[in-house]
C-alpha cells in the first residue's frame, strides 16, 4: 500500500537554510529526506521527554494511572512542566 504524502512549504532564515544544506550534502540525503528525519527525531525526543515528565509527575504527586489528580496537584504539575519547558 502506498503512503500518501503531503507537500509542505516553509520559509527558513538564510543562515539556517545554508547550515541545513551543508549538513544534508555531507549526509548524502536529499533535502526532503533530511528534513523528514529531523522532524521524526524531534518528535521522538519530545515524546520521550513528555513520558519522562509524566513519570516524574507520578513520582512527585504519587499519582497512579487509575487515580485522578487533585486540583492543587494538577496546578503544581502544570507549573513544573512550564518551568521545565522554559529551560530546554
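Conditions (1) assigned to a loop (DSSP other than H, G, I, E, B); (2) within 15 Å of the chain's Cα centre (by Cα); (3) at pLDDT below 75, marked per residue:
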position: 9; (1), (2), (3): yes, no, no
position: 12; (1), (2), (3): yes, no, no
position: 55; (1), (2), (3): no, no, yes
position: 63; (1), (2), (3): yes, no, yes
position: 75; (1), (2), (3): no, no, no
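Every residue in region 26-53 that is surrounded by 12 or more Cβ atoms within 10 Å (Cβ to Cβ) and outside any loop (DSSP other than H, G, I, E, B), please. Within region 26-53, 31, 32, 33, 34, 35, 36, 37, 38, 49, 53 meet the criteria.
The values are calculated or read from the model by the stated rules, or taken from the named source; none is laboratory data. The structure displayed is predicted, hence computed values, not measured ones. All Cβ positions, even for glycine, are placed from backbone atoms using ideal geometry, and neighbour counts span all protein chains on display.
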